[in-house]
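Since the structure comes first, as structure tokens, the remarks are kept for the end.
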Amino acid sequence: MLLHGKAGLLTRRQVVAAGALGGAGLAIGCATGKRGTWEFLSQGQAQTLATICDQIVPADEFPSASQAGVLNYIDRQLIRHYRRHQDVYRDGLEKTQAMSRTRFGQNLNSLSEQQQFEIVSDLSQQERHFFELVRSHTLEGYYGSPRHGGNRDAVSWRMLGLDEPPVLGRAQYNLKRGSPS
């Protein structure tokens, strides 16, 4: 394992192995910047957001927003296309929890459904921009393509009676007849 018989020097194989290990360590270190399950949200923020989203799309015979994966959609988009909204989400979720603790002495997700509804209703008036952003993103995540992280198992498409998910990249028309297929 010595290079030219000199003590203390590394062989070419040892240098390559050390470089590979260093690169792998760097890659692992970068990947662990995630916050548990979420890419952007903390666990507490995710719980607050889930409660708000479930007030927008509650469960009935079909899953609620959070059950349909809307949080996955929003979380993914906040580190990609909606990066510009990160501060609005951070501030809005913090203000929502402050409203809940001030009014009821508990975090939003610990309140009864009626109390949650009251806080979210107040939020829609007092923090209108944040609420409209969450409402819009919730509906996108619930009704959009599952490939973006929401609409788990195409639940909203089944709810709407769609026979099959839309084909990506083209309209679903029978071009020979000129009518929808």
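Numbers below:
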read-out	value
Highest to lowest packing among 50-56, 154-160, scored as the average C-beta count within 10 Å	50-56, 154-160
From phi via Karplus (6.51, -1.76, 1.60), per-residue ³J(HN,Hα) for segment 106-117 in Hz, x at Gly/Pro	9, 5, 3, 6, 8, 7, 5, 4, 5, 5, 4, 4
Given charges at beta-carbon only (K, R positive; D, E negative), |dipole| of segment 43-159 in Debye	440 debye
Extension gain (nm, one decimal) between Ser110 and Glu39, 0.36 nm per residue minus Cα-Cα	23.2 nm
Geometric extent, Cα atoms of segment 43-159 - Rg, Dmax (angstrom)	13.6, 40
Amide H within-cut-off set for Gln106, under 5 Å, with H built and near neighbours excluded	Arg101
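Values quoted throughout were computed directly from the atomic coordinates according to the rules given, and no laboratory measurement underlies them. The shown structure was predicted, so the numbers you read here are calculated from the model rather than taken from an experiment. We place every Cβ from the backbone using ideal geometry, glycine too, and count neighbours over all the protein chains shown.
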